[in-house]
1. Would you kindly identify the helices (runs of 4 or more DSSP H) lying entirely within the range 1-115 that contain at least 1 residues that are in contact (Cβ under 8 Å) with a residue 60 or more places away in the chain and surrounded by 15 or more Cβ atoms within 10 Å (Cβ to Cβ)?
2. With 228, 197 as the choices, which residue is surrounded by 17 or more Cβ atoms within 10 Å (Cβ to Cβ), without any contact (Cβ under 8 Å) to a residue 60 or more places away in the chain, of a type in the set (S, T, N, Q) and at negative phi?
3. Applying the selection to the range 159-181, what residues are touching a strand residue (DSSP E or B) at 6+ places or on another chain (Cβ under 6 Å) and in contact (Cβ under 8 Å) with a residue 40 or more places away in the chain?
4. Based on what the data block shows, is residue 131 part of a strand (DSSP E or B) and at pLDDT 90 or above?
5. Report, ordered by the first and then the second residue, all pairs with beta carbons closer than 8 Å, sequence separation of six or more or different chains, a first member in the range 137-155 that is farther than 12 Å from residue 190 by Cβ and touching a residue at least 40 places away in the same chain (Cβ under 8 Å), and a second member that is among the aliphatic types (A, V, I, L, M) and not in a loop (DSSP other than H, G, I, E, B).
Amino acid sequence: MAIKVAICDDVPVFAKNIEDLMLEYDSSLFEIDIFYNPFRLIELLKRNRYDLFILDIEFPNVSGIEIAEIIRKNNYTCPIIFITRFKEYMEKAFKVNTFDYILKPATKDKLYPALNRAIKYLDLDDSKFMFTFNKVFYSLSFSEIIYFEKNKRSVLIHTPSDTYETLLQTRALLSKVNHNFVQVHTSFIVNVRYVKQIRNNCVVSNLNDKQTVEIPISRKFIDSARKQILMKLRECPLKA
């Protein structure tokens, strides 16, 4: 599966150099979007999901560190690599959980070790739900997904920050989800890590720190769902 990469550098020659190095590393491994305008990247953060960010630091009206802070606020925990001409931002950069800090110009000797580590890191997280909708590819961590909702031929994917949609049969969906998910209704599959309470006719799940949602449990699934949820809750911590 391709790793979705966002490269953001307002100097086209530097951005192209990074892209060329990555394609030479493995042209089949990366799906790369290049942004010369950092505000365009910020605008697309909620619409497009990325597995890896490679950022310059100095832009005319915003810093790469500020972009990284926005990325983190949008629930991204994936690697961020800075490639810049300036050493002096290193301390600030690592406050946003920077994966690596590389001084320009980017070369194989500098970039490839960082890519090796990033790929290894991403491979450790095998809990990705990958899907397409309207020809757009998405990759969500299962830990981000609160519940799935079947809506005719579509599946709605509910997260704390957004709702996504894809076309998928229930049987295919159940084969893709990880062990933290339990079917509670013909139309609903919940992530037990977000479950706050089990009632007779619904599951109460956390949407965020202040809001919850009631997800119906059908008679068909009540006994098996309750048993599975309680068992899985003993194995994994609840979401705050």
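1. Output list reads 12-26.
2. Among 228, 197, only 228 is surrounded by 17 or more Cβ atoms within 10 Å (Cβ to Cβ), without any contact (Cβ under 8 Å) to a residue 60 or more places away in the chain, of a type in the set (S, T, N, Q) and at negative phi.
3. Hit for the range 159-181 is 180, nothing else.
4. no
5. 137/130; 138/130; 139/130; 140/130; 140/157
Yes or no, residue by residue, for (1) among the charged types (D, E, K, R); (2) within 22 Å of residue 109 (Cβ to Cβ); (3) modelled with pLDDT under 95:
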residue: 12; (1), (2), (3): no, no, no
residue: 24; (1), (2), (3): yes, yes, yes
residue: 54; (1), (2), (3): no, yes, no
residue: 60; (1), (2), (3): no, no, yes
residue: 75; (1), (2), (3): no, no, yes
residue: 78; (1), (2), (3): no, no, yes
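The values are calculated or read from the model by the stated rules, or taken from the named source; none is laboratory data. None of the values given here were measured: they were computed from a predicted structure. No Cβ is skipped: glycine too gets one built from the backbone with ideal geometry, and neighbour counts run over all protein chains shown.
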